[in-house]
């Protein structure tokens, strides 16, 4: 993000650089190495049928979906498997609407962030937000089970595995708030969308919670980065000017 004033919305066309100039194919790929590599991989896995149902799946003998998802109970019962799974879960999706949603969102939000901040920062932030969210929500489920041991809602959360890139993607959306002229604008839009997604579209409470938690983590982490690094403080100064 160089020169001029901070844009009202922090989003770019997926075929242009951060200043809106069209790029040649190789330049385009190099400017979004993480975004395009990720999308290629998730569709290869999806079209190869390397996934499966989230429920009624056992850790052994249940197919790829059993090793490509987070099981919240593993945080206590098998922590090594839990933390290892964090590296795998972004690349597998349970159903067609989910992978399409992630694909479209990457082509709007994640690639825009990457065009400004680079592949390494984007990937690291994506994984940190996804990992902290998975850990935080899993801890919350374990605490909830202790308080409400007979809760069918909590039991259903433990009975399935969780995967996909939407949680990490929401972390990037939260971070991109600091690339907009008004930092509150992007979170407001995301929260309104998630309310629709939950109350009208019918997405589960735990999934919506994970999205909002990740967005909050991304917002706070990138806000801290901006306040701690001179190259990013310039962005904040532009917004305040």
Roughly how many Å is it from the Cα centre of the range 188-209 to that of the range 71-119, as a whole number?
-> 18
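Per residue Cα convex hull volume for the range 114-237, in cubic angstrom?
Details: hull volume 14.2 nm³, N = 124.
For the range 114-237, the hull spanned by Cα atoms encloses 114 Å³ per residue.
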Distance (nanometres) between label positions extended 7 Å along Cα→Cβ at residue 127 and residue 104 = 2.9
Separation in nanometres of the label points that stand 7 Å from Cα toward Cβ, at residue 17 and residue 224 | 3.2
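May I ask you to sort 169, 104 by Cβ crowding, counting other Cβ atoms within 10 Å and putting the fewest first? Let's see the in-between values first.
On the way: 169 27, 104 10.
So the ranking, lowest neighbour count to highest, is 104, 169.
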Estimated [θ] at 222 nm from DSSP helical runs (n ≥ 4, -39500 (n - 2.57)) normalised by residues in the chain, nearest 500 | -19000 deg cm²/dmol
According to a simple spin-label model (label point 7 Å from Cα along Cα-to-Cβ), what is the distance in nm between residue 184 and residue 135?
-> 3.1
May I have the pair-distance distribution P(r) for the chain, computed from all Cα-Cα distances with 10 Å bins from 0 and rounded to whole percent?
-> 7, 30, 35, 19, 7, 1
Residue list for the range 79-93, given a label point 7 angstrom along the Cα-to-Cβ vector of residue 40 and an amide N cut-off under 18 Å | 91-92
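Which of 198, 229 comes first, and how do the rest follow, when ranked by fewest Cβ neighbours within 10 Å?
On the way: 198 17, 229 11.
Listing 198, 229 from fewest to most nearby Cβ atoms yields 229, 198.
All of the numbers you see were taken from the coordinates with simple rules; none came from a lab. Note that the coordinates shown come from a computational prediction; the quantities given were computed from them, not determined experimentally. All Cβ positions, even for glycine, are placed from backbone atoms using ideal geometry, and neighbour counts span all protein chains on display.
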